[in-house]
Structure formats: structure tokens, C-alpha cells
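Throughout, read-outs are computed from the coordinates displayed, never taken from laboratory work. What you see is a predicted model; the values in this text were computed from it and never measured. Note that each Cβ is placed from the backbone with ideal geometry, even for glycine, and that neighbours are counted across all protein chains shown.
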Amino acid sequence: MRVLMLNPPFLFRFSRTSRSPAISKGGCVYYPIWMGYATGVLEQAGHEVKLLDCPACGMTLEQVIGIVKEWKPQLIAVDSVTASFNNDVKVVETLKRLCPDAFTIMVGTHVGALPEMSLRSSGKIDAVARGEYDYILRDLADALENKKPLEGVFGITYRDKEGKVKFTPNMPPIEQDGLDKMPFASQVYNRHVNIRDYFYPSVLYPEITIITGRGCKFRCTFCLDADSVIAIKENGKIKVDCISALLGTHLGREGKNVQGYDLLNTQKKDIKIWSNGEFVTVKNMSRIKEDKRLKIRLSNGTSIELTAGHIMPIMRSGEELEVRAGEITKGDMLRFSNPLPESDSFDRIDVYHGLVENATSKDLKDVYIHGVNEYFAFLEKANEKEFAQDYAMLKRNWKYSNILPIMEFRKVEEKYGLPHAIAEKLEIGGKNILPLPFYLQVTKELMTAIGFFVSEGNYNNFNLAITKSDLEMRDEIKRCIKSTFPQTYVTETEGSTERVPQVYFGGKLIYLLFNKILGIRAGAQNKNLPWIVFNAGKNLQNACLKALFTGDGTWDGARKIKYYTSSKTLANQVMTILAQKGVNYTLEMQDNRGNAFIHRPVKINHEIHRITINSWDDRQKFTQEIGFFGNRQQEIVEHLKEHKPNRVLVLEKILEKPMSAKGIAKELGLTHANIRQTIAELAASGSIEKTQVTQRGFVKQVQYRAAVSLYRNTVPAFLAVDRVEEVVHDGFVYDVETENSYFTANNIVVHNCKWPQTLTGHSYRARSVKNVVDEFEWIAKNLPYVKDIMIEDDTLTQDRQRTIDLCKEVLDRGLNITWTCNSRADVDLETMQWMKKAGCRLMCVGFESADQQILNNIKKGTRIEKIEQFMVDSKKANLLVHGCFMLGNNGETHETIRKTVEWAKKLSPDTAQFFPLMVYPGTEAYKWAESNGFLTTTKWDEWLTAEGTHNTILNTDKLSGKELVEACDWARKEFYMRPEYIASRIKLMFTQPREAPRLLMGAKTFTKYLLDINFLKRSAAQKQVEGQEA
């Protein structure tokens, strides 16, 4: 297939690949990096490709039209960014008119952030690509060539034959194996563009730009509130709990703190998360302190709290979309997750391993394994020589027979193993400690005791207490405890007018079982169901729920089943199980006095979650599967029998035998019209089907028979948003990166991270060191005139060890190359020294501001003193630095701008870049500006000045957009026009002649922008003039 890869005509030397696309005042022209890689992948797949980079070579639209007329491409891919979007759409429209049969697709950051809006901007656009598009275009070209349906092409938003906008699943990020198999970008450039057209002021000329890794693990916004309930599967065990409990342990124990974020790669761990119908692999987990969230409440009362930038799959006006949480409004529909599957994988609890893995050494100090003689005898036979020495040492150190401290036993068990047959005979106990079996059987009695304890229990040292006023229920609790723990004590306190009777039981091991092994937390607001409830099978789970509802549930005067809890986690766990069983519910919030709860800025200490089961069908299903203990159950059953809806009565009659409408009406004593309406509803739902009784070929009677079971409870696929509100909580927010980009939280399907305006996202994936250095070697051999290799990764140095390994590989091969890279101001001196040895000459670093509060506001994750130490170390390593400073961020004032410019002169990087804050759709900066009313326009053309240079469409509460642009011009003059700086550049040209070409080229382009600029004086004078004119 003939594919045209077009960086379309716009302004001469306009760089779409730049982080802030514009005409650079320093003359910078970026390579079409992403189009280059996609071109290589397409060619590798056997397609014929032309790559045209019009802004770099000055190609006009007329010239492009001439090429298109002659070559007749079948697929046209057009790159686009915010500032040039309107122009780019016109280019697409022009080319589509020339080649109406060609398929047109727009690619790039802008359309990736706003796919539906971009597609709807013109009927000539057939599709847009979301994210990195190398494989997207390859798969699209293959599908078009082989006439395959577009729904099989991941990562595109397109129109179907009826004109409806469709979203295919996201294209998975390209991992290392795929990156290594791609053709070198340098080879593509060599075939398709003129390398001398590209220039970067801080890089030796001519240069070539490549990518060695995609994505950046440093994020500025995380996602879910810590109390959001998720389901994970770890080592075969399903756990349903708040995200902080399930992930916080891993992050606290193994996570690495990187620039303020706790990060953990989990691809080598056996951790999966529930994702709307399946458990999928968790690739990374992370958390950070964040206080501002959005609370989205659905029509059934279910809610979720998350950051505004988080992506959610929704349905709006009948179309399925993916939007940021901050864009969701009342009436949108959120996807409700497919129910969690029931599991019966655990019929017993491994008490021994549960203790050694979850309890502390202090907890286990006086805990012993009883009955070890048989185990030792087995080991003597199986490992005679090896075990003899260990056994002799054990006898010397431990004088008691047939028992061993649990931690000593663990050493033996880990070394030699433990047969199940022997383990089943062992007990766990100690001095004055009531014993437990090595394996505890999971029974209905145990699950009932757990349910009562979660609903109305608490810990009192090593005692467990369950509060219950009903004598019959106390007897049931005592029966279950004695059946499960025959050797434990069970006592009961008498009730009084001030105190409800309590059942006490336990001992140290039972306490550790409930608190450490099962993980049942203390405190009304922290209550939770333990993991065993989700792994023990349907009947055992129902026994626990029956006790839970008996404890904190009601059958009220309105004849509705209700459950009350002040624990957000427990409420979500209960709703997860109800959804699992097909029981619909609603959730309401109320205060401790029973009044409806509406979110307030002040903290409410007694927020109650009320789950209500409303409909007859759902109450019937609940009482059949779960129900209550005591008289309440019989009362509900009798009520439901007496108050059956007509459709249920009709179904019951039809279940007995097929009947006609008249026959049903007669037997039930209802009118024929009423029955006909009920039958129509049942037939429409698929509950019954029509049959015909014939006689001699003629229809004698129409009858109806049951098609399915009596009750047809289903969980809805989408639920409407009832309201969206901003909330503030202290604490962590969490993110989970999954293999399919989605997971379920609070039974709602969410995307696994925010959608920034970037092609590569935050999942860091790197080419192998060998593959990168192979490209270095190819460039050195085939492009000897290239003086510098620009590594345009978001942050090459984010992986310290890989950076050092890369340097070592260059040195081992004896390559004499020069390279430059993007970095953060956190590289240590040793790494810099390795980089210098391997040919690195310069690092491009974003310093942004001299004001620490501004750095904190944009979550830069670094400190002023650390940046200053970085500059000291870079000079020690003899590495040049190109410093980037961004003016206009949250908190910027005239004074902070002066401070930043003075600081830039103090840091004294080799070159400096000052630019106004450029906010683009899909970024947090855009959301911040939009929510504060700082945007002056939403017309994409106004992101640039008339000359095509950086503009800013911000008017903050402290600075106007005009002042920000003037400030940047003034800052450049202040930095570059210093006599000492000019002298140092002249000296550099003589001492290092290879630097002269890029210095002269940059100075030539830059000079015109440095004349007649005086921001600080002119801005004040301008205000006076404007005031007089007014």
C-alpha cells in the first residue's frame, strides 16, 4: 500500500515535535521523530512510504498537491498539534478532495488528547490515532489493504458506515522487544529527509535525533482515593479491599521513592486486578500525597473519588467515549463492572503460614509448633546425613520434646519442606495459649462467627467480643464459636440498661487469626470483610453475609431490606457481593441521627452508608440465597408471598403448565386486560414465549410457557451520573497500570491513568543497551558528517543503571561519538562522569523556576538546593547544560520572574531557554487554567503569535499573557547580553572549534529577538498609556 506520511505545510521551520510547538527564536528545527519511526515500521511491513517534512524544507501545499496527484497515495497520515490544528484540517480536506478514495488519518498529541472533537471537526477526516502510532498505522494499512474491519485496529477513533464515532481499544504500549525490532530512525532520516535541515541551538551541527526509550515514569497527577475498593488476585487468592490496604503494603515495603512518588514495578509478581470481566496483570503501582479529588455519584448511590485528570469510559448520547473525570457531567453514564466471579478455591486456612507471613516476631515470641517428633522422624529417614547435624543442634538449643518455637520450625520447614500428611497432625499453641490446628477447616460456623464479629465485634487485648442483645442470636454465636474452636473459652456478660450483653471468646492465637491472618480491622469506620469471604464458595459466603445482615441489617416498616455501616470499605465490599449475586441495590448517605447526608466542607465523624434492597425480585433473591437469622427471616418470606407482583404470579402459573391469557386471568381472579399487559411485558423481557395449540391445521388457542427461571436479576451495564462534586481529603491517591489499561474500583470501570497530551504516556519502556549502541555505531559509520546525536527521550537518566550500562557499552566498543540528552536535575556526579567518558557533552534540563513554591505547585518533585548542587556537579564532570525556564506557572508574579532570571544567571548554564507557560488540551496545566478562568481563548490559532513564535493564552490573576511573552523576551536579553556571557562564548569558539558552527547559527537567528526589549520598564509604562487612552 502507498502511504504518505505528512508533516503538513504551515509556517517555515515550525516544529510540531517540540514540547511547545512553535517557531523557535533560537532557530531550532526538530526532526519529525514519531513520523520517522512510524515510517520505518510501515516500510518494514512491506508498504511503500513517502515521508514529507514540509516545515523543515519549506515545501508548500502546492508542491504537496503535485506529489499527491502523481503518486496517488492510498493512506494519508497527517501530523497535527494544537497551534496548527485548524491549518492541518484544511490540508486534510484539500488532499481528500484530490484523492477521495484515500483513507485519511490524523496523528499527534492534539488529536490524541481530543479524539472525538478532532474527528468531528471535518467529514474529510476518516480517523484519528490515539497515543504512539507506529503500530496503529501499520495495522491500519494492513487492514485497509486486506479489506478487514476497522474495529480490529487498536488505538483509533473512526466513523463507521452509519457515520457514528467509534473507539477501538487502546493500542498496548510497545515494549522493549518491539522497540528493538524497529528500524533505526537514523536510517529512515537518511532515506527521506535532508539531515542538514535540522538544528538545535545547544547541540553540535549537524545533528541527528533518536529515541532510546519511551514514556516517563514521573507523573504530576495520580488517580484513586485510598478508600476505593478493588479486587486483586495474588498467589491464587482473591482479595477485595480498599486500594490502600491491598497496595499500600507492597509500596511501603518495596516501593522506591522517586521525586516524591512511591513507585513499584510488579510485572515479576503474581498480582492481577479485576478489570470488568477478567483478572489482568498489574504492571506498576504507585501513590502520592494529593488532597483534591472529584466525587462522582451514580444514580444507585455508588460513588468513586478520583483526580480530575483521570480517564473514565462513559456513554453520552448513546455513544461510548473516554473522557477525563473533570469533563463528566450529570446525565453521563459510567460503565458498571461485570460482577466478580465466585470462588471456592479455599476450603481451609493455613494458620501456620498465615502467622509467619503476617504476624510480627513479637506476636510469635511464645508461639510453638506441637507434635514435631513425627516430622523429625520423617526427616531423619529422608535426609539422614544432612538433617542429623541440624537435629543435634536443635536438641542442644531446645530441651523440650515434641514442641519447637514457630520461627525455629520455619527454618527447618523452609530447608527441608513439609508433607501435608504430617502438617495436618501438627498443632500451633504455647504456654497458656489455647491451640489451633495447623490447617483450620472453613465451615459455615466459622463464616457465621466472622460475619457476626465484623458486624458487631471488637478486640479487647487478646479477647474478641461480640455485642448482641438478642438471646437467640447469642446462643447461635456461642454454638458457632464452640464448633469452630472447641478448646477456646466462651463467656457472656449480662446486659443492663446502659450496656448490651456481649459474648467473649478468643485467646492469643484466635486474635492473631482474626486480626493478622484474616486481616479484620478494628474500629467501626475501618471494618472490612476478610479475604476468605471471597474465596470460600457460595454457601460459605452466604453464611457470613447472613450473620452480617442479621447484625447490622434491618427489615423496616416500608418492607425494604437495609444494611448500615460507617465503613466505606465494608459498604463497597457488601455491594460487590450483592452485584456478584445479581441483587440490585441503592446506596444513601446519612449522619448518625438518620438524616440524609450531603457532603459538607467540614468533617463528619458519623457518616453512615445505608444500602437498600428495594424491589420484590431483589428481596426475594436475597432471602433465598442469604437471608437473616431468627424470626425476621420468616417474617420477610411470609410478606413476600403475600405481596407478589402480578408478573410473578403469572410466571408461577405458567411454570406449572402452558396456559392461555384467559385461563391465567380466570385462575388468578384478575381482569383479562391486566393479564394481557403483564404477558406483553414478560414476553418482551424474554421470560415467557408464545406457543400455538393447533387442531386439524388450524390455530385453536394461543398459550404461553416459561422460557427461563423465575427471577431475572441483572446488573446494569451503565449507570447515570447523579452529581459531581469537588472534595478535599488528606492522604495518598493511588494508580495502577494494567496490561489492558482498565480496572474496576467500587464496581465502576476506570482507565488506569490520566491521559496527558503526550504520545508515549508514563509507562517507561526502553530499547536494550545493545540495540541503542548498535545505532550509535551505524551513525558513526554511515553518517560521518553528523557531529552530535540528540537523545530525545523524555528523561534518559530516569534509569541510572541503564544510563551507566549504556556508557560502558559505548566505551567497550571504542566508539568515538558525541551525544546530548534530556535529563532531570537529579543526576549524581558518578553517573555524569560515566556519561562524559562515553561522549556526552550536554544535558537539557527543565529548571522551570527559582521559586520553591512554584516547583511544588507544578509537582516538579525537586528542590532549589538540589538543582544548585546538580549544576556544581555538572561543572565538575565537565558537562554542558541547557537550562529550560518556564514562566507563568501557578504562583508566578513579577517578583518570581525577576528571581528566576537572576537565578538563571547564577546557575550559568551553557544556554538557556525562557518560554511562557503553554497549556494544551489534555494536560493538567490546561485544566488548572480553565478551572480558574485564566484562558483568554480556545481558538487553536491563537496559541502562536502572528510570526509563529510562542504565545500564551493565559491571563492569570497576577500576570497578563502579554506580560508573560514580554517577560520571556526580557529574560533572554538579560541572560544572553551579559558581557561576561558573550566573552565566554567567544572563548569557547576558540578553545573548542567544534562548538563554533552551532553558536554562530544560533546567534544569527536569535539576534533579532534580543533587540528593543525592556519588559520590566515597558510593562509599567504601557499600563499608564492604556489607562490614559481609556
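In degrees, nearest 10, range 0 to 90: what is the angle between the Cα axis of helix 961-976 and the longest Cα principal axis of the chain? Helix 961-976 and the main axis of the chain meet at about 60 degrees. Each label was represented as a point 7 Å from its Cα along the Cα-to-Cβ direction; for SER931 and GLU62 these points are 5.0 nm apart. In a fully extended conformation the segment linking ARG159 and LYS939 would gain 278.3 nm over its present Cα-Cα distance, using 0.36 nm per residue.
Taking the helices alone, the chain has a mean residue ellipticity at 222 nm of -11000 deg cm²/dmol, built from -39,500 (n - 2.57) per DSSP H run of at least 4 residues and averaged over all its residues.
I'd like the distance between the alpha-carbon centres of the range 457-485 and the range 633-709, rounded to an integer number of Å. Their Cα centres are 47 Å away from one another. Listed by chain and number, the lysines placed with their C-alpha closer than 22 angstrom to that of LYS939 are LYS90, LYS124, LYS927, LYS962; residues fewer than eight positions away on the same chain are left out.
With 22 Å as the limit on Cα-Cα distance, the pairs of LYS96/LYS147; LYS272/LYS292; LYS69/LYS148; LYS269/LYS289 that go past it are LYS272/LYS292; LYS69/LYS148; LYS269/LYS289. Rg ratio for the range 155-246: its Cα radius of gyration over 2.2 N^0.38 Å, N being its residue count, equals 1.81. Loop-located chymotrypsin sites (Phe, Trp or Tyr not before Pro) across the range 372-448 with a Cβ neighbour count of 14 or fewer within 10 Å are TRP398, TYR400, with loop assigned by DSSP. Tell me the angle of helix 800-813 to the major Cα principal axis of the chain, expressed in degrees between 0 and 90 and rounded to the nearest ten. Between helix and principal axis, roughly 50 degrees. Beta-bridge orientation, the chain: approximately 75 percent antiparallel, per DSSP, counting only bridges with both partners inside. Cross-link reach is defined here as a Cα-Cα straight distance under 18 Å, omitting same-chain residues fewer than 8 places apart; for LYS365 the lysines meeting it are LYS399, LYS411, LYS431, LYS508, LYS516. The alpha carbon centroids of the range 903-934 and the range 849-897 are separated by 12 Å. Helix 1015-1029 axis versus longest C-alpha principal axis of the chain: approximately 90°, rounded to the nearest ten.
Phi angles across the range 776-786 convert, under the Karplus curve 6.51 cos²θ - 1.76 cosθ + 1.60 with θ = phi - 60°, into 3J(HN,Hα) values of 3, 5, 5, 5, 4, 7, 9, 10, x, 7, 5 Hz, Gly and Pro given as x. On full extension, the segment bounded by LEU655 and PHE378 gains 93.6 nm, given 0.36 nm per residue less the C-alpha separation. Computed from the C-beta positions of LYS268 and ARG696 and an R0 of 56 Å, the FRET efficiency is 0.15 to the nearest 0.05. Checking the Cα-Cα distances for LYS237/LYS538; LYS560/LYS644; LYS808/LYS860 against a 23 Å cut-off, the pairs over it are LYS808/LYS860. When TYR785, TYR563, TYR504, TYR133 are arranged by Cβ crowding within 10 Å, least crowded first, meaning fewest neighbours, the order is TYR785, TYR504, TYR563, TYR133.
Panel order for ASP227, ASP142, ASP160, by other beta carbons found within 10 Å of each beta carbon, from fewest to most: ASP160, ASP142, ASP227.
Along the range 311-318 the Karplus relation, 6.51 cos²θ - 1.76 cosθ + 1.60 evaluated at θ = phi - 60°, assigns HN-Hα couplings of 8, 10, x, 9, 10, 9, 6, x Hz to successive residues, with x for each Gly and Pro. Among SER768, SER118, SER361, sorting on how many other beta-carbon atoms sit within 10 Å of each Cβ, with the fewest leading, yields SER361, SER768, SER118.
Each of GLN590 and LYS770 was given a label point 7 Å from its Cα along the Cα-to-Cβ line. The distance between the two points is 6.8 nm.
Can you tell me the relative contact order of the range 644-706? Whole percent, Cα pairs under 8 Å, sequence separation 6 or more. After rounding, I find 37 percent.
For the chain, the relative contact order is 15 percent, taking Cα pairs closer than 8 Å that sit 6 or more residues apart in sequence and dividing their mean separation by the residue count. Of all DSSP beta bridges located in the range 2-195, what percent are antiparallel, nearest 5? Close to 30 percent.
Students often forget the sequence filter, so: which lysines lie under 17 Å Cα-Cα from LYS781 once same-chain residues fewer than 8 apart are removed? List returned: LYS770. How much length would be gained if the chain were fully extended between ASN460 and GLU895, taking 0.36 nm per residue of separation minus their Cα-Cα distance, in nm to one decimal? Gain on extension, ASN460 to GLU895, equals 150.7 nm.
DSSP bridge analysis restricted to the range 79-175 gives an antiparallel fraction near 65%, rounded to the nearest 5.
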